[in-house]
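Here the structure comes first, spelled out in structure tokens, and everything after it is commentary.
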Amino acid sequence: MIEVLAKLGRGPVFLAGEVLECVITFTNPLSASSTSASSEMLAWASAQIHCQFHASENRVALPPSDGSKHDVQAENETVFVPNRGERGQCILSTPPKILFCDLRLDPGESKSYSYCETLPVDGPPSFRGQSVKYVYKLTIGCQRVNSPIKLLRVPFRVLVLHGLKDYQFPQDEAVAPSNPFLEEEEGLKKDSRLADLATELLMVATSRRSLHLYNISNTRGKVGTFCIFKTVYKIGEDVIGTFNFSEGDIPCLQFSVSLQTEESIQEEFQRRRGQPVSFTVHARHQESCLHTAQSSFSLPIPLSSTPGFTTNIVSLKWRLHFEFVTSGESAGTCLVRGNQLEAVTWAGVEQMEVDTFSWDLPIKVLPTNPILASYVSQFSSTNSITI
């Protein structure tokens, strides 16, 4: 029996273009209760990254896949197919890398191997939607002689930040800040600079503030104004907006604001022409606001959500969806005077004519630092199997 343990050192979330590093340890455990122990042999082990694409048959019409299915593993087959038995199509994969050949482990002995691979920048982000899914995995395959191949799958999340692909790093390393007491490999230097560049680009894009004012009105008149200071955010940030109903002609009884994603399938891949778009609500604020001069809301963008993106099959966009309930009468008629002699009391009317209308405001949501997103990831940094 051999235990295989794979550990992602930095966490299970990465930016496209970064280097994924995984330490894979093979151990022949020595049990205290065992009376006899023997050496174990593995013929080979290999690792490869791949992205699986899943589509809902009711919503997406895909062309037939050219790849052959590998659902059955022959007893003596030595071909490493990382997506064997997986659902969907493999739309992206890196070249396989051999970890070792003919490994012998004595009782209690263990050996570790480091796997490094640059994540492709032209791939889609990790996404689990209502119509499609993009799932990234690192698959480690190993085999005993004349035994089936065993696969250890390590799922991880990929964030895509557009603009990093076209950036050219300076050739003169002398001008770049460095630590003379540390020896760094060139790949790690570039990976570190890539993460720093992404952080800088995100900070610049999401720190710009400018006042955006919108008049809220219906067919009967003005209800109020809405103010928001920016429309570009990172996942993990809060979307903050304020309302001013003091200058409105029509009293607003209630409003709600929803933070939504809009998942739409490209026209050529739609199962039915003109099929509806899928919406997902990530946060919602609702408030009664009769006789309220000003109000505000704060909606958090979950760190586990997917930033906006577009592929040849699906498009994901973010928006704020507003719903307003207004009175069909003036503000003064929303209250009635009680029938008391000594004191004056006011009570709400039993029936009221109301109007409802909605409004959508598009916003842009970008990725965040992958280390921050790792704290709330559903994936584990450590995975293991026994063969």
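Numbers below:
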{"quantity": "Sequence of TRP359, TRP44, TRP318 from largest to smallest accessible area, 1.4 Å probe", "calculated": "TRP359, TRP44, TRP318"}
{"quantity": "Calculated FRET value between SER315 and ASN244, using beta carbons and R₀ = 30 Å, to 0.05", "calculated": "0.35"}
{"quantity": "FRET efficiency, 1/(1 + (r/R0)^6) with R0 30 Å, evaluated for VAL354 and GLN130 via beta carbons", "calculated": "0.40"}
{"quantity": "Inter-centroid distance (Cα atoms) of segment 78-156 relative to segment 231-310, Å", "calculated": "39"}
{"quantity": "Assigned charges on the beta-carbon of Lys, Arg, Asp, Glu; segment 211-256 dipole about Cα centre (debye)", "calculated": "100"}
{"quantity": "Candidates per chymotrypsin sites (Phe, Trp or Tyr not before Pro) in segment 216-249, loop by DSSP, up to 14 other Cβ within 10 Å", "calculated": "PHE229"}
{"quantity": "FRET efficiency for LYS97 and VAL376, using Cβ-Cβ distance with R0 set to 30 Å, rounded to 0.05", "calculated": "0.50"}
{"quantity": "Nitroxide proxy distance, nm - points 7 Å out along Cα→Cβ at ARG193 and HIS54", "calculated": "3.9"}
{"quantity": "Summed residue charge, Cβ within 10 Å of TYR115's Cβ, Lys/Arg positive, Asp/Glu negative", "calculated": "-1"}
{"quantity": "Cα gyration tensor category, rounded, prolate or oblate, for segment 248-321 with a/c compared to 1.5", "calculated": "prolate"}
{"quantity": "Peptide ranges 284-291, 148-155 listed from the most packed, as the mean C-beta count within 10 angstrom indicates", "calculated": "148-155, 284-291"}
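The values are calculated or read from the model by the stated rules, or taken from the named source; none is laboratory data. Because the structure is predicted, anything quoted here is derived from the model rather than measured. Cβ atoms come from the backbone with ideal geometry, glycine included; neighbour counts cover every protein chain shown. Note: areas computed on protein heavy atoms with side chains; ligands, DNA, RNA excluded. Shrake-Rupley method; radii C 1.70, N 1.55, O 1.52, S 1.80 Å.
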